[in-house]
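The values are calculated or read from the model by the stated rules, or taken from the named source; none is laboratory data. For clarity, every value in this text was computed on a predicted model and none was experimentally measured. Don't worry about glycine lacking a Cβ; one is built from the backbone with ideal geometry, like all the others, and counts go over all protein chains shown.
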Amino acid sequence: MERLDQIIRKRQRVEKGDLLYRQGSPFTRLYAVRLGHFKTYQVTRNGEQHITGFQMAGEILGLDAISSGTHQCDAKALEDSEVCEILYSDLEQLFVEIPALLHQFHRMMSQEITRDQSVMLLLGNMTADQRFAAFLVNLSSRYVARGYSATSIQLRMGREEIGNYLGLTIESISRLIARFKKLELLEVTNREIKILDLPRMRGIAAGAKS
């Protein structure tokens with residue numbers, strides 16, 4: 001861990017709304033999110049955004065650029081955030097010195113691929129209820145992995161951004177929130193969501209009737 005700390009070049013503050021990197025820019029480093037939340041998105045030829053993910057503290061940004069050498073999306077801070085920069089050439093040298101670290105890195109990339117595949121399932125085969133439930137269950141599991149509550153989620157993204165990510169309209173997201181509240185699955189206060197029945201929410205995400 002001491003050697004890993006040594007290759008972290010600097011901590012970088014990223015203010016809300018600022019870009020960490022742009023789609024098409026050269027890849028030279030990874031970014032470990034230390035504080036805050038980000039969204040990644042691609043911009044189509046006609047200027048429309050397609051959100052590809054939301055990242056939080058403890059996660060890595062830039063992994064998608066390793067194979068191509070260029071970033072495949074924009075990364076924008078959803079709130080005032082901080083990242084640790086890791087020069088990829090330094091990391092590769094560290095893999096040679098510490099083979100076990102390379103194994104851990106492969107595990108992390110595998111988890112990232114699995115998450116991307118889950119998103120494809122969300123957009124391809126699931127109903128609107130399933131998509132929204134799966135989105136909340138996914139956030140819950142990621143919060144738990146970082147030592148936070150499984151049922152109390154502070155959303156850093158707006159309803160329009162959630163809809164964009166899930167392939168739904170903002171009106172659909174509003175209807176889903178109202179429906180889940182009526183079913184006593186959720187309590188909502190501004191952007192704070194409290195999941196009242198996590199096992200049932202998992203069931204809906206898996207295809208059970210709501």
**Report entry** Number of the exception - Cys73 against (1) more than 16 Å from Tyr31 (Cα to Cα); (2) free of Cβ contacts under 8 Å to residues at least 60 places away in the same chain; (3) not aliphatic (A, V, I, L, M)
**Finding:** (1)
Report task. Could you grab me the full set of residues in region 2-26 that are among the hydrophobic types (A, V, I, L, M, F, W, C) and at pLDDT 95 or above? Result -> Val14, Leu19, Leu20
Report task. Specify the residue that is surrounded by the fewest Cβ atoms within 10 Å (Cβ to Cβ); the eligible residues are those in region 65-75 that are hydrophobic (A, V, I, L, M, F, W, C) and more than 21 Å from Arg13 (Cα to Cα). Result -> Ile66
Report summary line: When (1) more than 30 Å from Lys76 (Cβ to Cβ); (2) in contact with a strand residue (DSSP E or B) (Cβ under 8 Å, 6 or more places away or on another chain) are applied to Ala208, the one that fails is (2)
Query raised in the report: Identify, please: which residue in region 13-60 is aromatic (Phe, Trp, Tyr) and in a strand (DSSP E or B) and is, among those, surrounded by the most Cβ atoms within 10 Å (Cβ to Cβ)?
Result: Phe38
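Okay, residues lined up against (1) of a type in the set (A, V, I, L, M); (2) in contact with a strand residue (DSSP E or B) (Cβ under 8 Å, 6 or more places away or on another chain):
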residue	(1), (2)
Gly58	no, yes
Glu82	no, yes
Leu94	yes, no
Pro99	no, no
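Pick from region 164-210 the residues that are part of a loop (DSSP other than H, G, I, E, B) and touching a residue at least 60 places away in the same chain (Cβ under 8 Å): which of them is surrounded by the most Cβ atoms within 10 Å (Cβ to Cβ)?
Ser210
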Query raised in the report: Is region 76-96 home to any residue that is modelled with pLDDT of 95 or more, surrounded by fewer than 19 Cβ atoms within 10 Å (Cβ to Cβ) and assigned to a loop (DSSP other than H, G, I, E, B)?
Result: yes
